[in-house]
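One structure is given here, and the rest of the page talks about it.
The values are calculated or read from the model by the stated rules, or taken from the named source; none is laboratory data. In this text, all values refer to a predicted model and were calculated from it rather than measured experimentally. Cβ: placed from backbone, ideal geometry, glycine included. Neighbour counts: every protein chain shown.
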Amino acid sequence: MVMTIGEQEVIGNHIAGREVPAACGRTRMKVAPATGQDLALLVESDEQDVQAAVEAARAAQKEWAACSVLERKKGLLAWANNLRDIANDISILDAHDSGSPIGHGKKGLLVGIRHLEHFAGLGYEITGETLPVTSGNLHLTVREPYGVVGILTPFNHPSFFPIKLSAPALAAGNAVILKPSEQTPLSATMIAHAAHGALPDGLVNVVHGGPAVGQAIVTHPGIQRLHLTGGVPTGLAIQEAAARSGYVKEISLELGGKNPLIIFPDVDVKLAASTAVRGMNFDHQGQSCGSTSRLFVHSSIAKEVTRLVVEQVSLITMGAPELEQTQMGSMVSRRHQERVLSLISSAVDEGAEVLVGGSAPEGALSCGAYVQPTVLGSVTADMDVAKTEIFGPVLSVIEWEDEETMIEAVNSTEFGLTGAVYTNDITKALRTASRIESGFVWVNGIERRWLGMPFGGYKNSGTSHEHARETMISYTRKKSISVILDPTTAI
């Protein structure tokens, strides 16, 4: 959806059910990372727009909270149907906006819609308790929505995250204000517009802008519940800003990862190699918090596994993100491309060996923010490349022999999002899984996140969980009610 200011089409905020310009009138140009060309004009908001969104959200939330669970379910499913109708349009926009292949983006969008459909039916699970505190009286708890929820989304899945993260908050009876990443903001307004006619106007709002808008959302007294999916520095900044605001906030964070895939020597090496490539998310340029970017492979099979990994990675087709045959697109920006290439260069200086990739492509793709899919060998656990979240298409192969030393290396980073173990020995698998300091561990699998299965990290990888009933419950507050039926027992 677009507005027209003068003769120029501009993508605006979405507040109170309609697309509006920023109160200050500012705009900026969004560039396509795969080509470097101008893509779209976008509004640049400030705290005035956040205030307008909060007012709209408050009004809509009162109407929404008064609806029955069945009515809310019908509304959320209607929004999901509207989104399916425009899925192709959203996917095309995301491909140009993010540089990621259109096929991968559409898959993520459809998964987000499935999250919406899943949580639409979970409203009946928002239950309270009766407590036998005294005899002759009634003591119970109920759960109530926070009201207005602020959600800050990352750049790597521009349509998946706004839908997925809104779903449990809305199912719990809240309104939401979304601030999409300023790096991939374009589809958020279209997603919010699709709620028109399905949900009360103002229930889903979008405010575009940079850190100042995020700061205004985090510190606003009318927003007590916040969620961020993003990087550790941003998560820490949000916690600090919320604390300094003078208002107590409930904050959930889903942050970064430097995830290990541990391969024991008793496995099928071909299957292990394919798993390592798939787990790295090369189809999204490695720009995923769950990417298994550290491959811990036993030295007895390391040579063969590495050979197969390099062989498969060398066959990945890079190309324009809007083409169906493209298997890997560009980084989200030139700045991020430069960061990834710099980290590869630093790894080589530390002693790592580039086995495939390692640079920007030449030729037709050189005009975009591309980085070749890369595998690094001769990596040791103490190198910076084995500790820093690169968030790019860089897989580090780390050989091991002693299990105790390997486990120590696996747990040596600040992160604890996911881990994976490959072995045919179930005892060894469960023992290793219990020792990995991560919130989610796969055994003989990789990068599948099932609805209903809590997903969240340890350490600096975040707080709280997603994808499960408890996610929706986290968007409610518990209230205790005591009904004194027998005044003589009230003491």
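Residue check: is A23 at pLDDT 95 or above, on the phi < 0 side of the Ramachandran plot and either touching a strand residue (DSSP E or B) at 6+ places or on another chain (Cβ under 8 Å) or not assigned by TED's automatic domain parsing to the domain that holds K179 (or both)? Spell out how you get there, then give the answer.
Numbers: at pLDDT 95 or above: no; on the phi < 0 side of the Ramachandran plot: yes; either touching a strand residue (DSSP E or B) at 6+ places or on another chain (Cβ under 8 Å) or not assigned by TED's automatic domain parsing to the domain that holds K179 (or both): yes.
Answer is no for this residue.
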Look at R477 and say whether it is in contact with a strand residue (DSSP E or B) (Cβ under 7 Å, 6 or more places away or on another chain), assigned to a loop (DSSP other than H, G, I, E, B) and touching a residue at least 12 places away in the same chain (Cβ under 8 Å).
no
D85 vs. criteria at pLDDT below 95 and either outside the structural domain of P211 (by TED's automatic domain parsing) or within 30 Å of L323 (Cα to Cα) (or both):
no
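Between E182, E240, which is surrounded by fewer than 23 Cβ atoms within 10 Å (Cβ to Cβ), touching a residue at least 12 places away in the same chain (Cβ under 8 Å), among the acidic types (D, E) and under 28 Å from F391 (Cβ atoms)? Walk me through it before giving the result.
On the way: E240 fails: touching a residue at least 12 places away in the same chain (Cβ under 8 Å).
The conditions single out E182.
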Residues of the range 354-383 classified as closer than 21 Å to N281 by Cα and not in a loop (DSSP other than H, G, I, E, B), total:
8
For the range 124-149, give me each residue that is surrounded by fewer than 21 Cβ atoms within 10 Å (Cβ to Cβ) and within 30 Å of S91 (Cβ to Cβ).
none
Which residue pairs have Cβ atoms closer than 9 Å, lie 6 or more positions apart in sequence or on different chains, and pair a first residue in the range 449-469 that is touching a residue at least 40 places away in the same chain (Cβ under 8 Å) and closer than 16 Å to P260 by Cα with a second residue that is of a type in the set (V, I, T) and assigned to a loop (DSSP other than H, G, I, E, B)?
K459/T413; N460/T413
Pairs, please: C-beta under 6 Å, at least 6 apart or cross-chain, first residue in the same structural domain as H284 (by TED's automatic domain parsing) and touching a residue at least 40 places away in the same chain (Cβ under 8 Å) and in the range 329-350, second assigned to a helix (DSSP H, G or I) and among the hydrophobic types (A, V, I, L, M, F, W, C)?
A347/V385
All conditions in (1) closer than 30 Å to L110 by Cβ; (2) surrounded by fewer than 13 Cβ atoms within 10 Å (Cβ to Cβ) are true of L485 except (1)
List the strands (runs of 3 or more DSSP E) inside the range 392-470, counting only whole elements, that have at least 2 residues being among the hydroxyl-bearing types (S, T, Y) and in contact with a helix residue (DSSP H, G or I) (Cβ under 6 Å, 6 or more places away or on another chain).
none
Quick one: would you say S100 is crowded, with 19+ Cβ neighbours inside 10 Å, touching a His at 6+ places or on another chain (Cβ under 8 Å) and either of a type outside the set (G, A, S) or closer than 30 Å to E362 by Cα (or both)?
yes
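Could you please find all residues in the range 446-482 being under 29 Å from K107 (Cβ atoms) and surrounded by fewer than 13 Cβ atoms within 10 Å (Cβ to Cβ)? Outline the logic, then answer.
If we filter the range 446-482 for residues that are under 29 Å from K107 (Cβ atoms), which is where we start, we get 446-458, 460-475.
R448, W450, G452, M453 - these are the residues of the range 446-482 that are under 29 Å from K107 (Cβ atoms) and surrounded by fewer than 13 Cβ atoms within 10 Å (Cβ to Cβ).
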